[in-house]
1. For the chain, what's the relative contact order in percent, using C-alpha pairs closer than 8 Å and at least 6 residues apart?
2. Can you tell me how much longer the chain between Asp64 and Leu180 gets when fully stretched, taken as 0.36 nm per residue apart minus their C-alpha distance, in nm with one decimal?
3. Hey, what do the phi angles of region 77-85 turn into as Karplus ³J(HN,Hα) couplings, whole Hz, using 6.51/-1.76/1.60 and θ = phi - 60°, x for Gly and Pro?
4. Please report the net charge: other residues with Cβ closer than 12 Å to the Cβ of Arg12, K and R +1, D and E -1.
5. Each residue of region 29-45 in turn: what ³J(HN,Hα) in whole Hz from Karplus with 6.51, -1.76, 1.60 and θ = phi - 60°, glycine and Pro shown as x?
6. Multiply the residue gap between Glu85 and Arg169 by 0.36 nm, knock off their C-alpha separation, and tell me the result in nm, one decimal place.
7. For Leu133, what is the net charge nearby, where nearby means another residue's Cβ is under 12 Å from its Cβ and Lys, Arg count +1, Asp, Glu -1?
8. Rank Thr66, Thr144, Thr40 by accessible area, highest first, at a 1.4 Å probe radius?
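The values are calculated or read from the model by the stated rules, or taken from the named source; none is laboratory data. Since the structure is predicted, the reported quantities are computational estimates derived from the model, not experimental observations. Methodologically, a virtual Cβ is constructed for each residue, glycine included, from the backbone with ideal geometry; neighbour enumeration extends over all protein chains shown. Just so you know, the surface numbers come from the protein's heavy atoms only, side chains and all, with ligands and any DNA or RNA stripped out. Shrake-Rupley method; radii C 1.70, N 1.55, O 1.52, S 1.80 Å.
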Amino acid sequence: MDADQIRELVARREGAVLDFKREQYDWSKDGNLELAKDITAIANGLPRGAAPGHILVGVDEQPDGTGRVLGIPPSAHLDDAAMHEKIKLLLNRMPSFAYAAVDVDGLSVGAFEIRAGGRPFFALRDGGARHRLRRFEALLRAGTATDAASPDRIQAWATEDDTSLRDLRRIEVEEREARLLVRPFVEPVGITFTEDP
């Protein structure tokens, strides 16, 4: 990501696929759990093929829902591999994401880019005091809040993301359309009909 992309995201409202964090996660407390919660909640809301979701660290939410870049100390950034290590043992599988430090007008912003695919993501065990993760509970962003996904929602994800089922439906529709095509009838030369066909 670059500074222009960060500026574009900051101009949007926080929502289901965009989260602003004023400060870096507190690794001395339950920062790992908070990071896992935030990433899975966004990743679970991204259907296959969707544009990525983002978490911007060092951005404050304004009253109108847009962001304002505050920045964090450059020393507060971890590299991408360290961010993956923070959550890899907490979840059923690793969401696809990348982390990078981005300079925006002299201020350092941490940018998580979360890509679609592989949902549902959920915690493998209970944990956390402030940022609770519950075993086998898939989380989802509901506006700017995080909530548990219902079983119906999780089942819908499987249907949305199943490419083989989608391909089968497409083939069925194409077959039906082919049967409905009007086929021209050519009367052979020399044969006459005595009744109206």
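1. Working: 337 pairs, mean separation 46.2, N = 197.
Relative contact order comes out at 23 percent.
2. Values: separation 116, 0.36 × 116 = 41.76 nm, distance 5.19 nm.
Net length gain for the segment: 36.6 nm.
3. 7, 10, 7, 4, 4, 5, 5, 5, 4
4. Working: positive: Arg7, Arg13; negative: Glu8, Glu14, Asp19, Glu61, Asp64.
Local charge sum for Arg12: -3.
5. Each residue's phi maps through the Karplus curve to give 10, 10, x, 4, 5, 5, 4, 4, 4, 5, 5, 5, 4, 6, 4, 5, x Hz.
6. Working: separation 84, 0.36 × 84 = 30.24 nm, distance 3.92 nm.
Computed gain between Glu85 and Arg169 is 26.3 nm.
7. Working: positive: Lys37, Arg125, Arg130, Arg132, Arg134, Arg135; negative: Asp30, Glu34, Asp38, Asp126, Glu137.
Every neighbour counted, the sum reads +1.
8. Numbers: Thr66 30, Thr144 80, Thr40 5 Å².
Ranked from most to least accessible, the order is Thr144, Thr66, Thr40.
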